[in-house]
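All remarks here apply to the structure that follows.
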Amino acid sequence: MLLSFLTLFGCAVEVLQVPIARQDTSPIYRQDRPLYVGSLDVLAFRDPILIRAWKLSLASVIKSKRIFRDVQLLPGKKSEMNGDFYIIDVTVKPEFKTRFNWIATFPAVFPFTGYWPVQIKKGSYSVRLAFTIKDKSDKMIFSKSIIFHESEKVHLYGFYRTSRFEDMIERTNLEVMESCASSIESFFIH
């Protein structure tokens, strides 16, 4: 009975894949003002640890473009922010959908529960990143929305193999962050 339950529902794909933060200590930059990462809302989850990971990852991607003097998380007190600065507020909406080719996959449910290797699973992922940059006086300077789509397919043991989908999600999240940083770069530099 337990084997049937596990086979039917398989392993879930985590949509929480956050790209690894980069380390960049180069003193070269184009804007003399710092950028603070303010609110970041990920509409799929509310875990503060994962949201902080998203913030750190986004900050490192923007920092790697060397646009601003510094890119860091918004401090808790306004008194800690000196001089002129920018604040970026971000909303991320990830969406992951899967479907099985049940004609080929059904023998894995019955009669060969857990043994039938052909379990064709297709996953599609889209992520929408909308951001707004404001100056010290809370005046909007720049705003943009970016959408990326990606899909992946697994032919064998689709109930259990989730790493290809999770790698795709992490790669797509990194691409949308890179696109965000490039948009900011082209706005402030060109």
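What follows is calculated from the coordinates using simple rules that are stated; it is not laboratory data. Please read these numbers as outputs of a predicted model, since none were measured by experiment. Note that each Cβ is placed from the backbone with ideal geometry, even for glycine, and that neighbours are counted across all protein chains shown.
Computed values, structure above
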{"item": "Identity of the residue in region 166-186, among the charged types (D, E, K, R) and closer than 18 Å to Tyr125 by Cα, that ends up surrounded by the fewest Cβ atoms within 10 Å (Cβ to Cβ)", "result": "Asp167"}
{"item": "Of all residues in region 126-175 being of a type in the set (Ser, Thr, Tyr) and in contact (Cβ under 8 Å) with a residue 24 or more places away in the chain, the one that is nearest to Asp32 (Cα to Cα)", "result": "Thr132"}
{"item": "Any hit, region 93-103, residues being over 23 Å from Val71 (Cα atoms), in contact with a Phe, Trp or Tyr (Cβ under 9 Å, 6 or more places away or on another chain) and assigned to a helix (DSSP H, G or I)", "result": "no"}
{"item": "Residues that are of a type in the set (A, V, I, L, M), more than 23 Å from Ile169 (Cα to Cα) and under 31 Å from the mean Cα position of the chain (by Cα), drawn from region 89-117", "result": "none"}
{"item": "Filter result for Ile88 (buried (at least 16 other Cβ atoms within 10 Å of the Cβ) and out of contact with any Gly (no Cβ under 6 Å at 6 or more places or on another chain))", "result": "yes"}
{"item": "Of all residues making up region 107-146, the number that are out of contact with any Leu (no Cβ under 8 Å at 6 or more places or on another chain) and part of a strand (DSSP E or B)", "result": "20"}
